[in-house]
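For reference, the structure discussed in these notes is given below.
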Amino acid sequence: MSLMTLLSYAIDLVAVLLLALGIKGLSKVRTARSANGLAALAIGLAVLGLLIQTQPSLEAWLWIAIGTAVGGLLGVITAQRVPMTAMPETVALFNGCGGLASLLVAVAVALYGGAQAESGVTSTDLVEQISIVISVFVGAITFSGSIVAMGKLQGWIPTPGWTQSQVRHGVNITLAVAALVGALTLPADTTGSSLWVLVAASSLLGIGVTLPIGGADMPVVISLLNSYSGVAAAAAGFVVGSQLLIVAGAMVGAAGLILTQVMCTAMNRSLVNVLFGGALGGAAPVGGGGSEAGYTRITSCSPEECAMALETAERVVFVPGYGLAVAQAQHALRELSKMLEANGTEVSYAIHPVAGRMPGHMNVLLAEADVPYEQLIEMDAINPEFPRTDVVIVLGANDVVNPDAKRDPSSPLYGMPVLEVDQARQVFVVKRSLGAGYAGISNALFELPQTAMVFGDAKAVLNGLLSELRELGVGKVKAAA
Amino acid sequence: MSFLSEALWVLLLGSLLGLELIGKVPPTLHTPLMSGANAISGITVVASLTLIAQANGNRPLLVLGALSLGLALFNVVGGFLVTDRMLAMFRTGANRAKGGAQ
């Protein structure tokens, strides 16, 4: 064993240690950012260790340079350009590419052999075949599933009707069987068609299982697919004989699974329900058929009336939702709350665990608008405060403030923890229309006597409120003093 | 079979470690953690590099290796940078709050 080999082993071990510390640190606010750097350093070390160990030829270096330049550059550009509102899609895209990479490695080894023979690994042929099958299968599902998830979040891909019927289970089972046939015939196959059957069936299966899932559950799906890409990486580790890859892949796979579970709990859904239940509300009948026809006692009001209520309020709570993010209104909201604070009003923001489109998404968006961290209050802390709150303004949130989740056992949302805004003295709901939320069901909050709807785009309404408040002279006296 | 049995032990212990690493996660961090874990799963760059390094001049292997290297690096680089961008916002948000609270 040469010194170089020893060195590369040591580097590998340090890399694994740093990865573990990185994942652990990422789950605490204080350490998250440095932990992210630590994990990045770990990947760098892993690559360095491998290069020391394998000592690539000049030709290999050339190809490494090409891959690095293209992938690295695109990664940097994407990471800088993408808006904060599009984070979920971006993670899905990255994840899909990671899955595709594992898939390609396995396909390359299956088609052209190579890596195993050279590395002096003593694994049997069957083990290699099994690893290839798993890597292809999981990699393909990760890839196609992530791309579908991205498309659905971007609104490019609708949810086709047949995916909500039982037909989809038949289709998916057929695809799974096809993939299994491809996998079983792979070792004996000389024509190479088994491999392609496996690739095609697994990819289609990834589409088939992701397509029926509604937009509201997509974050959970992305988290699960993220866990899969760890499994795919571990399988690729078996294929090329890298223990580092196996341990890192297994770690990410398992941690991803836990995160998925944590997210499911936050949304009060079971994982099985998310995966096989179809789009939430798709099967449950919506009251009155059309989503708008269900409402009978709606009060709407103008920004002017809303501003007057705000002027006299002592305590105001904003409930930001995805509509706020879409309208890019977080800065206008920050301005409004500054004005109210100058007027002596106590302002806070109620953050539902799944506000926005991903858990924690809203915190990121509000932090971008310089909202003080202390004003963001989580659901459990703010719910007891609502009864002594004068005005609640709901901005583009819907399902997370639906009181039916507490009261109506027949509601598909029943049991989901919600923000109890109906306890407040007055509620204004800023919404573009009476359309249903992600869950596709009507919201009893809108019909309560203390609720008034302010129709319009969140940013336009907030700007309207700002100018109304300025006219009323709110905040001016104190600001000048 | 020594590689296989070692590898299976590594798989088992790695999975157990992963299950223990994160327990309670504040909802604030769900998105960054997911994004960070996603970047780490791009560790499959190691597989791509192995493929290239051991291709021995086999052109299709080199091409496929470079392709998968590019994809995996896209995942790694983009993933870490995006996570950092998100987490950086938390920090400035908290710092500004401290600065503004006096």
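The values are calculated or read from the model by the stated rules, or taken from the named source; none is laboratory data. Predicted, not measured: the structure shown is a model, and the values here were computed from it. No Cβ is skipped: glycine too gets one built from the backbone with ideal geometry, and neighbour counts run over all protein chains shown. Accessible surface areas use protein heavy atoms only, side chains included; no ligands, DNA or RNA. Shrake-Rupley method; radii C 1.70, N 1.55, O 1.52, S 1.80 Å.
Quick look at the numbers
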{"quantity": "Flag if A:M251 is out of contact with any Phe, Trp or Tyr (no Cβ under 9 Å at 6 or more places or on another chain) and at pLDDT below 90", "calculated": "no"}
{"quantity": "Residue selected from the stretch A:201-223 under the condition in a helix (DSSP H, G or I) and among the small types (G, A, S), by the criterion surrounded by the most Cβ atoms within 10 Å (Cβ to Cβ)", "calculated": "A:S223"}
{"quantity": "Answer residue from the stretch B:39-92, given it is polar (S, T, N, Q) and surrounded by fewer than 24 Cβ atoms within 10 Å (Cβ to Cβ) and is nearest to A:E374 (Cα to Cα) among those", "calculated": "B:T92"}
{"quantity": "Condition met for A:Q330 (modelled with pLDDT of 80 or more and more than 19 Å from A:M218 (Cβ to Cβ))", "calculated": "yes"}
{"quantity": "Members of the stretch A:388-399 found to be open to solvent by less than 70 Å² (accessible area, probe 1.4 Å) and farther than 16 Å from A:E447 by Cα, listed by number", "calculated": "A:T389, A:D390, A:V391, A:L395, A:G396"}
{"quantity": "Any hit, the stretch A:51-59, residues being within 31 Å of the chain's Cα centre (by Cα) and among the charged types (D, E, K, R)", "calculated": "no"}
{"quantity": "Top-ranked residue in the stretch A:361-378 [being among the hydrophobic types (A, V, I, L, M, F, W, C) and under 17 Å from B:T31 (Cα atoms); ranked as most open to solvent (accessible area, probe 1.4 Å)]", "calculated": "A:L376"}
{"quantity": "Top-ranked residue in the stretch A:158-190 [being within 16 Å of A:I132 (Cβ to Cβ) and of a type in the set (S, T, N, Q); ranked as least open to solvent (accessible area, probe 1.4 Å)]", "calculated": "A:T185"}
{"quantity": "Members of the stretch A:21-79 found to be polar (S, T, N, Q) and buried (at least 17 other Cβ atoms within 10 Å of the Cβ), listed by number", "calculated": "A:S27, A:N36, A:Q53, A:T54, A:T68, A:T78"}
{"quantity": "Complete set of residues in the stretch A:78-92 that are at the interface with chain B (Cβ under 8 Å from one of its Cβ atoms) and within 12 Å of B:G78 (Cβ to Cβ)", "calculated": "A:T78, A:A79, A:Q80, A:V82, A:M87, A:T90, A:V91"}
{"quantity": "Selection count where residues are in a loop (DSSP other than H, G, I, E, B) and closer than 10 Å to A:P212 by Cβ, scope the stretch A:157-190", "calculated": "3"}
{"quantity": "Residue count, the stretch A:331-348 (criterion: open to solvent by less than 70 Å² (accessible area, probe 1.4 Å) and either part of a helix (DSSP H, G or I) or outside the structural domain of A:L462 (by TED's automatic domain parsing) (or both))", "calculated": "9"}
